[in-house]
Amino acid sequence: MTALAARLRGVRAPGADNPVVGKVLTAAAILFAILLPFAFDSGSGFIEDCAVALFYVVMALGLNIVVGFAGLLDLGYVAFFAFGAYTMGWFGSGWFNSANIHIGVTEQLSKLPGIHLNWLLILPLAALIAAFMGAVLGFPTLRLRGDYIAIVTLAFGEIVHTTAVNSDEGVFGIGSFNLTNGRAGITPVDKIDLPLVDRFTSLELRPWYWTALGLALFVLFVNVRLRDSRLGRAWVAIREDEVAAVSMGVPTVRVKLLAYALGAALGGMAGTFYSSFVNTVNADQFEFSFSIFVLAMIILGGLGSIPGVIVGAIALTFINNRLIPDVLNDLPSKVGLDFDLTELGFGIFGFLLVIMMVLRPQGLIAERRHKAEFAEGPEAGDALVETRA
Amino acid sequence: MESASIPARPSRPRGEVVREFISRFGLLAILLVMPVAYGIQDLQNEGDLGRLATNIKDGLSNGAIWALIAVGYTLVYGIIELINFAHGDLFMLGSFVAFSMMGTIGLTTATGGLGLVFGLVLILLIAMVACGALNTMIERVAYRPLRSAPKLAPLITAVGFSFILRNVGLLWLGGSHHGVPDLIESQHTLFTIIGVPFTNGDILALAVTAPLVVVLVNFINFSRIGRAMRATAQDPEAARLMGISVDTTISFTFLLGGLMAGAAGLISALYQTDIWFEAGFTAGLIAFTAAVMGGIGNLKGAVIGGLIIGIIQQISDNRIGTEWTPAIVFAYLVLIMVFRPQGILGEQTREAG
């Protein structure tokens, strides 16, 4: 067991040390991702899965800022997805049908009642709302230690979920205004409508894919720049040792709030895309298990490691949407057991979390600092600094 | 001589005095808001406090269940500073064990008095032992290998195990609610004191919880292994040097927590007459809130916190609506974290000193 664990921890990713190899690999991967849809039918399920996978990449990279960089275990990340999704639902559908506001939408949409803003306007709006809520969530957790943060964020996510489910008759039970339509949800949601190209439809999936790819690349860029910035180093500093960081003059309050706000903003942006893509915003999308699904992605890929998180997100999306329902689903009945594997999806992810943490805690593609930490205990980080100095 | 040169007591700025006052009494004020508000409302509308008193009585019975679960959180947190996310789901499995054992033993609503008592005691023991063994196993597999890893790692495996246990429950009895035979006629009123009816269920909750908690507190305070647990909680390294087997002690702590969760599972199954595989998630969060409210690591605090949370939950169920109860309990959790993270009785952990 320990020998196996030791061996598994030792495996390294290609291009981990060589920056040139890394750059070439990145460029090739992006080119491949852009050209991929031409190989498949535009309405195919595979393109759909890829678009969903890219949505999860955005979510996972957002959560990676909070958990991976700043080391604040956020178990209520689904809340920010919900804020983004509801922003899209409220400002990009006929939900408020007594209002008549149209900005930057096609002629066809502008005849419909409700608030219809262009997706490009909703995107920053959702990011702002989610970022604000992220700071609101961050505020009570500032004084708390690591594991209390996990439970407060979890409670926050559950409060948002409960409110979303029950706010179909009065918000917080007050009044009778239907804000979220609960489990039935807000539907239909406007399709994404970009300038210069035709309005998206649910049959042609390539534009959705490229939009998701664009979003993912933007978020990837943000992530890389943040990681290499002063702020990114401050995050790593408070993650590794908060007391030492404070005494070195890192303003922990501001740095932590920024981590929450930026992570939340990315989650909100992903939310607007997803609700438009699946054409509905309903309260059942915002369950706790969603937070765990995204967390499992970054654990699988490697906490704080950007390529790892991307690989983890893509891998888990396909495991969840393809491998478990299509390939492995009838496996239990073949060996004489009476259940569907799809029911156990989250049990499998839970198992994955345990296995990864015990056997290869740094993830598939490890971030350098995390790897050192997990390889030789908490003190190894100091050795790393010494060898580099 | 030196002590004479120290000034008697520096006068403190006004803001600090106010802050300390809020920190000390703010939580109590928050806790009293709901009972007081609804008490006044009752007095205005009905002229007596009967409804509020019944709410509080029901809340205490529910709270007994939360207290038993909260004890498991607080024991584990006290000794290894880990939020055992899987604990709520362990409680859920405890109720499942109790339910299926009722079928195995053949207890029905027709079973007579003595047979019922023997049967229930047997089921109580089985549920407790099953949960205790499972909890010890989880510690061995998921937490012990990560003892020296960063704190995030065991927390994540705990979340993972929570999902595994929930899916075990799903596989076992399926995704729907199951009705538990109402063996003890839990809604049957035994006696009434000043307009508050006391039912069989209330007596059961009291009769199981009170002895267990008393035994547990005494065990930890006076037994040899209880002393070892407290020593390990204070300083595992020093405890090891004193010849205490730290790993065994930690395993034993998980065993105790599991035993309590199993007992809570049986009471809950009999009291609510309903079990469900998702029940553990909410129960776990509520019980954790209770543990934090009382002061994490503090056994008596967990019990008091459980009872208080039970009352809040019952008032919210009865007055505001069951669908809002989770949001209200979690809002309390966030408020406690903001105003008094050390809880009512103060925490007893290494970091708190």
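Express in % the proportion of alpha carbon pairs of the protein assembly as shown at distances exceeding 45 Å. Of the Cα pairs, 26 percent sit more than 45 Å apart. Full extension of the chain between residue B:278 and residue B:300 yields a length gain of 5.1 nm, computed as 0.36 nm times the residue separation minus the alpha carbon distance.
Listed by chain and number, the aspartates and glutamates whose C-alpha is less than 14 Å from the C-alpha of residue B:57, apart from same-chain residues fewer than 8 away, are B:202, B:317.
The angle between the Cα long axis of helix A:230-240 and the longest principal axis of the Cα atoms of chain A comes to about 60 degrees, rounded to the nearest 10. FRET efficiency for the pair residue B:137 and residue A:169, taken as 1/(1 + (r/R0)^6) with r the Cβ-Cβ distance and R0 = 41 Å, rounds to 0.35. Between helix A:45-63 and chain A there is an angle of about 60 degrees, using the helix long axis and the longest principal axis of the Cα atoms. At a Cα cut-off below 17 Å, give the aspartates and glutamates reachable from residue A:334, other chains included and same-chain residues fewer than 8 away excluded. Of all the aspartates and glutamates, those that pass the test against residue A:334 - Cα under 17 Å, at least 8 places apart if same chain - are A:326, A:343. Counted by Cβ distance under 12 Å from residue B:204, the other residues give a net charge of -3, where Lys and Arg count +1 and Asp and Glu count -1. Note that the stretch B:279-286 has calculated 3J(HN,Hα) couplings of 4, x, 5, 5, 4, x, 5, 5 Hz, one per residue in order, obtained from phi through the Karplus relation 6.51 cos²θ - 1.76 cosθ + 1.60 (θ = phi - 60°); glycine and proline are x. Residues of the stretch A:117-156 falling in the label zone of residue A:96, defined by backbone nitrogen less than 12 Å from a point 7 Å along Cα to beta-carbon, are A:117.
Phi angles across the stretch A:96-112 convert, under the Karplus curve 6.51 cos²θ - 1.76 cosθ + 1.60 with θ = phi - 60°, into 3J(HN,Hα) values of 8, 6, 7, 7, 9, 10, 9, 10, x, 10, 5, 4, 4, 6, 5, 7, 7 Hz, Gly and Pro given as x.
Using the Cβ-Cβ distance between residue B:110 and residue A:177 with R0 set to 41 Å, the FRET efficiency works out to roughly 0.20. Amide H contacts under 5 Å for residue A:101: A:114, A:115, A:116, restricted to partners 5 or more places along the chain or on a different chain, H placed in the peptide plane at 1.01 Å from N.
Considering only A:197, A:189, A:52, the mean-square fluctuation computed in a Gaussian network model of chain A, springs between alpha carbons under 10 angstrom, is largest for A:197. For the pair residue A:46 and residue A:25 in one chain, pulling the backbone fully straight at 0.36 nm per residue adds 5.2 nm over the alpha carbon distance.
Is the shape of chain A rounded, prolate or oblate, going by the alpha carbon gyration tensor and its root eigenvalues a ≥ b ≥ c, with a/c under 1.5 for rounded and a/b larger than b/c for prolate? Prolate.
Reducing the stretch B:89-129 and the stretch B:72-86 to their Cα centroids gives an inter-centroid distance of 27 Å. Each Lys or Arg adds one and each Asp or Glu subtracts one; over the other residues with Cβ under 9 Å from the Cβ of residue B:341, this totals +2. Between residue B:44 and residue A:279, the simple label model (points 7 Å from Cα in the Cβ direction) yields a spacing of 5.0 nm. Computed from label points 7 Å out along Cα-Cβ, the spacing between residue B:248 and residue A:289 is 4.2 nm. Residue-wise HN-Hα couplings along the stretch A:210-227, as the Karplus relation 6.51 cos²θ - 1.76 cosθ + 1.60 with θ = phi - 60° gives them from phi, are 5, 4, 4, 5, x, 4, 5, 5, 4, 5, 4, 4, 4, 4, 5, 5, 5, 4 Hz; Gly and Pro carry x.
Helical runs assigned H by DSSP (4 residues or longer) give the protein assembly as shown a calculated mean residue ellipticity at 222 nm of -22000 deg cm²/dmol, each run adding -39500 (n - 2.57) before division by the residue total. Take the Cβ atoms of residue A:39 and residue A:328, set R0 to 30 Å, and the FRET efficiency comes out at 0.75. Over the Cα atoms of chain B, what is the Rg over Rh ratio if Rh follows Kirkwood? So for chain B, dividing Rg by the Kirkwood Rh gives 1.01. In straight-distance terms, cross-link reach from residue B:300 covers every one of the aspartates and glutamates whose alpha-carbon lies under 15 Å from its own, apart from those fewer than eight places away in the same chain; here that gives B:347. Put a dot 7 Å past the Cα of residue B:235, heading toward its Cβ, do the same for residue A:143, and the two dots end up 2.8 nm apart.
We did not get these values from a lab; they are worked out from the coordinates using the rules stated. As the structure is a computational prediction, the values presented were derived from the model and not from experiment. A quick note on method: Cβ atoms are made from the backbone with ideal geometry, for glycine too, and the neighbour counts reach across all protein chains shown.
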